[in-house]
1. Would you confirm whether or not the range 140-153 contains a residue that is at pLDDT below 85, in a loop (DSSP other than H, G, I, E, B) and either of a type in the set (Val, Ile, Thr) or crowded, with 16+ Cβ neighbours inside 10 Å (or both)?
2. Looking only at the range 87-122, which residues are without any contact (Cβ under 8 Å) to a residue 12 or more places away in the chain and outside any helix (DSSP H, G or I)?
3. Give the residue that is surrounded by the fewest Cβ atoms within 10 Å (Cβ to Cβ), with candidates limited to residues of the range 162-204 that are in contact (Cβ under 8 Å) with a residue 60 or more places away in the chain and under 14 Å from residue 45 (Cβ atoms).
4. Go through 223, 229, 210, 247 for me and flag whichever is touching a Lys or Arg at 6+ places or on another chain (Cβ under 7 Å) and outside the structural domain of residue 115 (by TED's automatic domain parsing).
5. Name the residues in the range 385-404 that are in contact with a helix residue (DSSP H, G or I) (Cβ under 8 Å, 6 or more places away or on another chain), in a helix (DSSP H, G or I) and surrounded by 17 or more Cβ atoms within 10 Å (Cβ to Cβ), would you?
6. Can you tell me how many residues within the range 351-371 are surrounded by fewer than 22 Cβ atoms within 10 Å (Cβ to Cβ), on the phi < 0 side of the Ramachandran plot and modelled with pLDDT under 80?
7. When the residues of the range 408-424 are filtered to those that are surrounded by 14 or more Cβ atoms within 10 Å (Cβ to Cβ) and at pLDDT below 90, which remaining residue is nearest to residue 357 (Cα to Cα)?
8. Can you tell me which residues in the range 157-210 are in a helix (DSSP H, G or I) and of a type in the set (S, T, N, Q)?
Amino acid sequence: MSFVTSVGLGRAARRCPHFAAREECHGCADGPSTTRDFAYNIRMNRLFDKSIVLACCIAAATGHAVDARLVAAFCLGVITTSLAELAQGKRARRASEAASYAYIIAAVFVPPFVPFAPLALYDIARRVRREHAWVVLGIGIAFVFALVADLRADALTARTLLLTAILSVAATLLSLRTAQLEREQRRMRRTRDELQERALALEARNRDLADRQDYEVELATLAERARIAREIHDNVGHQLTRASLQAEALRVVHADEPGVAADFADVKRTVDEALQLVRTSVHALNDNAVDLSVQLERIVEGTRSDGGPQIELEVMAEHAPANVANCFAAVLREALSNTMRHACAQTVTVRCMEHPSFYQLIVTDDGVGEVQASGRGTAEGMGLASMRERIEALGGTFTAGPRAGAGGWRVFATVPKQQGDEGR
């Protein structure tokens with residue numbers, strides 16, 4: 001079984017990067033493209049509204065004499081409202097907003113700008129903010145007075161002024177309605193993103209719980225195998241050993257009776273064969289009950305504490321022999337003990353890997369300071385000597401010392417595979 005884990009599973013799920021940036025995401029698989037589609041739809045809605053407003057403005061301007069000022073007003077109005085849609089950055093948006101205000105101010109003093117003022121009013125109403133409400137209200141009042149003044153001065157026809165006033169109100173309401181629709185759509189999409197995020201978090205937690213349940217089931221299975229092996233060894237094995245000794249004793253007692261002695265010799269041979277089979281079965285059960293990943297995980301969980309360093313465990317080994325598993329477990333237990341006693345470490349990384357011809361265990365920490373130097377210096381203590389002896393007893397290599405080019409300590413151990421294990 002390939003086992004990869006990190007101590008502390010089940011913690012808070014990682015947040016979606018698009019949601020963290022408050023972008024429209026709807027699942028990271030298509031987040032950016034969905035954002036572009038949403039922005040495109042919003043822009044198309046505004047362009048459709050502006051097309052209607054522009055058509056009405058042209059209809060309102062039909063009663064006015066066509067001259068250079070009217071053509072300039074038309075061109076400037078179209079350019080201003082187009083820039084409002086093309087502006088991307090904050091500075092560009094402020095410039096386009098200022099252009100809309102300038103167009104309304106120009107309409108106050110230049111009558112040909114009046115028929116196309118609803119285009120600028122549409123953009124102003126869409127971007128109006130509470131702190132700018134008095135400015136917008138003042139511009140609106142000035143625009144109304146300008147319409148009244150043009151009516152009294154006969155600068156524009158009454159029909160044009162009436163259509164412009166109605167169109168200005170309609171453009172403002174249409175802009176407010178579209179802006180409200182945009183806000184509601186964004187709110188709904190944010191709600192949808194939050195629900196998606198919660199669903200992903202629950203899914204991650206369910207996976208963590210399923211992994212933890214599998215781990216507990218496997219741990220219970222291995223514990224039961226070990227218990228059965230102990231029961232067979234302690235009860236059946238001892239009884240067979242006793243029967244073998246009794247048969248040998250009876251054979252010696254009846255040594256002067258060749259027939260009886262031969263029968264007891266046969267009984268002893270049968271009992272010895274049964275005892276050998278029981279021992280083989282017990283060793284097989286005990287070896288199957290030793291799982292490397294489970295042993296290392298149990299040691300890490302027993303070492304981890306609230307005030308201690310964060311321990312990250314990664315195991316990528318399948319079917320390690322019992323002697324290798326027990327050896328690595330003892331080495332890891334001693335290495336973590338040394339880290340807790342001698343190092344002021346914040347993070348400890350444990351990696352156990354299976355290679356084509358050997359098994360490897362690496363334990364590193366980021367401990368610094370005088371405590372580490374004095375507690376794990378050049379002199380090899382009993383702990384390091386014990387780890388070295390265990391590894392070398394299996395024909396492996398062991399090194400321990402400060403990490404080259406970085407702070408902290410590193411324990412490195414490799415154990416070669418036996419002839420029958422290399423093909424795994």
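1. Of all residues in the range 140-153, those at pLDDT below 85 come to 140-153.
Then drop every residue that is not in a loop (DSSP other than H, G, I, E, B), which leaves none.
No, the range 140-153 contains no residue that is at pLDDT below 85, in a loop (DSSP other than H, G, I, E, B) and either of a type in the set (Val, Ile, Thr) or crowded, with 16+ Cβ neighbours inside 10 Å (or both).
2. Those that are without any contact (Cβ under 8 Å) to a residue 12 or more places away in the chain and outside any helix (DSSP H, G or I): 87, 88, 89.
3. 181
4. Values: 223 fails: touching a Lys or Arg at 6+ places or on another chain (Cβ under 7 Å); 229 fails: touching a Lys or Arg at 6+ places or on another chain (Cβ under 7 Å); 210 fails: touching a Lys or Arg at 6+ places or on another chain (Cβ under 7 Å).
Criteria check complete, one pass: 247.
5. Passing the criteria: 387, 390, 391.
6. Initially, the range 351-371 is screened for residues surrounded by fewer than 22 Cβ atoms within 10 Å (Cβ to Cβ), giving 351, 353-358, 360, 362, 364, 366, 368-371.
Then drop every residue that is not on the phi < 0 side of the Ramachandran plot, which leaves 351, 353-358, 360, 362, 364, 366, 368, 370-371.
From the residues that got through so far, the ones that are modelled with pLDDT under 80 too are 368, 370-371.
Count: 3.
7. Initially, the range 408-424 is screened for residues surrounded by 14 or more Cβ atoms within 10 Å (Cβ to Cβ), giving 408-417, 421.
Next, only the ones that are at pLDDT below 90 stay: 408-409, 417, 421.
Numbers: 408: 29, 409: 26, 417: 5, 421: 8 Å.
The extreme case among them is 417.
8. 160, 164, 168, 172, 175, 178, 180, 185, 191, 196, 206
The values are calculated or read from the model by the stated rules, or taken from the named source; none is laboratory data. Being a predicted model, the structure only gives us computed values, none of them experimental. With ideal geometry, Cβ positions are generated from the backbone for all residues, glycine too; neighbour counts draw on all protein chains shown.
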